[in-house]
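The values are calculated or read from the model by the stated rules, or taken from the named source; none is laboratory data. This one's a predicted model, so the numbers in the text were calculated from it and none came from an experiment. Here the Cβ positions follow ideal geometry from the backbone for every residue, glycine too, while neighbour counts run over all protein chains shown. In case anyone asks, the SASA skips ligands and DNA or RNA and just uses the protein heavy atoms, side chains included. Shrake-Rupley method; radii C 1.70, N 1.55, O 1.52, S 1.80 Å.
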Amino acid sequence: GVTRLLLTRIPFFKEIIVSSFSCDSCSWSNTEIQSAGRIQEQGVRYTLAVTSRQDMNREVVKTDCASARIPELDFEIPAFSQKGVLTTIEGIIDRAVAGLEQDQPARRATDKEVARKIDEFIGKLRQLKEVNSPFTFILDDPSGNSFVENPQAPQRDEALLVTHYRRSPQQSAMLGLEGEEVDARPPDAAEDLRDEVLQFNTNCPECNAPASTNMKLVQIPHFKEVIIMATNCDSCGHRTNEVKSGGAIEPQGTRITLRITDPSDMTRDILKSETCSVEIPELEFELGMGALGGKFTTLEGLLKDIRDLVEKNPFTLGDSSTPSRTGKLQEFIGKLQDVKGKAQAHFIMDDPAGNSYLQNVYAPEEDPELSVQRYERTFEQNEELGLNDMRTEGYEPEPAPGR
């Protein structure tokens, strides 16, 4: 016979190799697929709610190490029981029916009761193809190389849930990735958290549609760990990001002063925590604590956010504003634009919690234009941070005296 190989790419997925064999003598043919890439960092699980005949036509890439389940029938195709295949949901059911029917004549002759039960189960599988009632199709692949089509791509498919997970030691051993000595070593939860992007469901702050928020633990060089959270809404396109400190409140507050002398200073990385205030003395401008929230951006990006905050406020430049106030704010925006381009100014970040950061481009050497001052917090600042009423030692209740 003749075996034909085709390297093709599935849209919104990856490249695969399709191999097709046909025999001219007996007309037998066979089609298999293999992933053209490596085993992925994480396994993948596709959960599809099949509700119509159109769902039966969705393309499916099922590798040989993937398992398929239909919970409503308590039916499962185990891993490594079939070769990899490029087919549809209906094709997977047909293949399962053909496999069950293969040995039915022998079963009817030896064990009629078992053959009758299998015939009943085959009838249930065939009824699934008519989609008289909804059912769930689950494709679980520890290698991460299986795929279920999303007809609405790149938009989100409400009927299809895609879950990425970390392989268990048994699954890694099944794929030949780890030995027993690696399995015996307990995983480091902190390292796992640094390498993994966590995802949880939320609602869009603009249109209240279901959205997802990604969270990642990031180590900032010469500083500390922070948590970056980003939300993207597929319905209205709204995007937002926020930064939280990954550590405790520092023993002292921090006041960072940068003298802006060159346009290249606009590219410095900045971590502005929620407790940080910003001041530009040359513009007589001060941004209070809590405004703009926590951000991890550049100096230019933060100045752009400040400009957007002023321009989009309807009480400052909208219909409710007065001509005198509008003129002053327009003049301020012009000066702010000059700071981003050529004017020299001082940029001051004051964070009582000590969790803000401004990049030192000369690190680990000292930066001649950057100064960092540490100071003791006042009682009022500790009150705002909730530290005056916080007890970290001696908070355990004293035992009652014995009688």
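Okay, here's what the table says:
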quantity	calculated
Selection from region 344-370 of residues that are in contact with a strand residue (DSSP E or B) (Cβ under 8 Å, 6 or more places away or on another chain), farther than 29 Å from LEU387 by Cα and not in a strand (DSSP E or B)	GLN344, ASN360, GLU369
Test: GLU32 is within 31 Å of the chain's Cα centre (by Cα) and either open to solvent by 50 Å² or more (accessible area, probe 1.4 Å) or among the charged types (D, E, K, R) (or both)	no
In region 96-136, the residues that are basic (Lys, Arg), open to solvent by 80 Å² or more (accessible area, probe 1.4 Å) and without any contact (Cβ under 8 Å) to a residue 40 or more places away in the chain	ARG108, LYS112, ARG116, LYS117, ARG126
Single unsatisfied condition, SER172 versus (1) modelled with pLDDT of 85 or more; (2) assigned to a strand (DSSP E or B)	(2)
Contacts under 6 angstrom Cβ, first residue in region 357-379 being on the phi > 0 side of the Ramachandran plot, partner outside any loop (DSSP other than H, G, I, E, B), 6 or more apart	none
Residue match in region 366-377 (condition: at pLDDT below 85 and surrounded by 13 or more Cβ atoms within 10 Å (Cβ to Cβ))	no
Candidate set: region 307-347, residues that are crowded, with 19+ Cβ neighbours inside 10 Å and under 16 Å from LEU292 (Cβ atoms); chosen: the one modelled with the highest pLDDT	PHE347
For LEU139: the one exception among (1) part of a helix (DSSP H, G or I); (2) buried (at least 17 other Cβ atoms within 10 Å of the Cβ); (3) not polar (S, T, N, Q)	(1)
Region 60-80 residues that are touching a residue at least 60 places away in the same chain (Cβ under 8 Å), paired with ones that are open to solvent by 60 Å² or more (accessible area, probe 1.4 Å) and of a type in the set (S, T, N, Q) (beta carbon under 8 Å, 6 or more apart)	THR63/GLN34
Tally of residues being acidic (Asp, Glu) and within 16 Å of SER133 (Cα to Cα) across region 44-97	4
Top-ranked residue in region 251-306 [being free of Cβ contacts under 8 Å to residues at least 24 places away in the same chain and in a strand (DSSP E or B); ranked as least open to solvent (accessible area, probe 1.4 Å)]	LEU287
Residue in region 106-114 that is over 28 Å from ARG38 (Cα atoms), in a helix (DSSP H, G or I) and touching a Lys or Arg at 6+ places or on another chain (Cβ under 8 Å) present	yes
